[in-house]
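Remarks on the structure that follows.
The values are calculated or read from the model by the stated rules, or taken from the named source; none is laboratory data. Remember, it's a predicted structure, so these values are computed and weren't measured experimentally. All Cβ positions, even for glycine, are placed from backbone atoms using ideal geometry, and neighbour counts span all protein chains on display.
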């Protein structure tokens, strides 16, 4: 890795997203929910923008491939945790536990597969992308409810929390099948025998 990879515009935006995180947490804990929501929305915009810039400017780097999902998981997992601690009624613990369990499992499995099989290709599946969208929406509406406590926002919060639960489980199961397929493709798993 060299300095040029760090200095690309997409990677700078990803790093900026990571810098936003402690301030979002500080604002939530300090009950400055409007500012927390503004920074969370800016972090979300930067997430979409860094991918777009990487493609348009042809600045896709290996660092960015690792840094972007790490920044996403760090932001979302932290927000689930903080909101469960500070506002358990808005984000019940069962959702945070499911989100954390999946992310930690994927992190550990990816690390082991890299060490024993040299696998590096862990691009998100369609279910993983749906899960990320559901998590972002759930956190957004939970924070919006703190700023604007109206019924439709609460309905949206509950809907996306349920979607998060569903897609977290579905994407974890799908990930397990993908891992088996990739291990077989790399010759690290025996094919099932037929009698």
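Against the numbered list (1) in a loop (DSSP other than H, G, I, E, B); (2) at pLDDT 85 or above; (3) surrounded by 13 or more Cβ atoms within 10 Å (Cβ to Cβ), residue 189 comes up short only at (2).
Checking the structure you have, find out if any residue of the stretch 70-79 is closer than 17 Å to residue 167 by Cα, assigned to a helix (DSSP H, G or I), under 12 Å from the mean Cα position of the chain (by Cα) and modelled with pLDDT of 90 or more. Yes, the stretch 70-79 has at least one match. Part of a helix (DSSP H, G or I) and at pLDDT below 95, is that true of residue 145? The answer is no for residue 145.
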